Amino acid sequence: MNIRCGRSVCALIVLIGTAGVGRAGAGELLSVVSDDDGKPVADAVVALVPTDPALLAAAEPALWAPWQSGVVDQRDETFLPSVEIIARGGQVVFRNNDVPQHHVYSFSPVKAFEFVLKPGTSSAPVVFDKTGVAAIGCNIHDQMIAYIYVTETPWVVLTDKTGQGRIAALPQGAFTARIWHPSLPPGKPVPSRPLTISQGLETLPVTLALLPMRHPDREHGLY
């Protein structure tokens, strides 16, 4: 199976079925994202959405726990992390551990807000109740950009600096794999592919055409 959306990034997603087929946790997903030069790509989101809503309804609370809350810090005029995954209905706190003041904002339909954070202060929890991607900026420091990916599924992972991410506790069944990155071209559907988690090994190569990072006011046509 192959998805070709351009030539900039190649993601190899390997689905590994384990001995516990037919039970929750029957499968495991290893995603490996690299560019055309073979260099790893960090901050790519890989999300598996089950075709059968019953699988999602049956997902144990422990699977959702990592995505219920998050923190986006501000240090050296940078948002850390640059991409944060949060479950729909989850909340994010913004902290200013920087020397200057920051004016944090989002104009995204997913969640619109703005507030000023003085050094050493934190925001009230911001609840994200719509799925999608919210681009976050600072009105004082234009180079500061972060993204909140609001997920509808607990089977989701963010690739690390090695370009890898692993999803465990996958039930057997049909899924759609969705791959998102901050530099995907605006106005185009997120690359996706139907797949089935079962015994054996399945590979899914994906090629993404990525653009240079831009200011959040113009990113992805979200505003």
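The values are calculated or read from the model by the stated rules, or taken from the named source; none is laboratory data. If you're wondering where the values come from, they're calculated on a predicted model, not measured in any experiment. Glycine gets a Cβ as well: all are built from the backbone with ideal geometry, and neighbour counts include every protein chain shown.
None of P50, P81 is at pLDDT 75 or above and either over 29 Å from Q172 (Cα atoms) or under 15 Å from the mean Cα position of the chain (by Cα) (or both) except P81. Residues considered: V110, V92, V116. Of these, the only one that is within 22 Å of H181 (Cβ to Cβ) and in a strand (DSSP E or B) is V92. Having 3 or more residues that are acidic (D, E), more than 11 Å from the chain's Cα centre (by Cα) and buried (at least 21 other Cβ atoms within 10 Å of the Cβ) is the bar; report the strands (runs of 3 or more DSSP E) wholly within segment 135-177 that clear it. By residue number, no strands (runs of 3 or more DSSP E) qualify.
Within segment 123-134, the set of residues being surrounded by fewer than 23 Cβ atoms within 10 Å (Cβ to Cβ) and either in contact with a Ser or Thr (Cβ under 8 Å, 6 or more places away or on another chain) or hydroxyl-bearing (S, T, Y) (or both) comprises S123, P125, T131, G132, V133.
Can you pull out the residues in segment 136-194 that are among the polar types (S, T, N, Q), in contact with a Gly (Cβ under 6 Å, 6 or more places away or on another chain) and closer than 19 Å to D52 by Cα? Q172, the sole residue that qualifies.
Within segment 79-96, the residues that satisfy the criterion of being touching a residue at least 60 places away in the same chain (Cβ under 8 Å) and buried (at least 19 other Cβ atoms within 10 Å of the Cβ) are F79, V83, E84, I85, I86, A87, G90.
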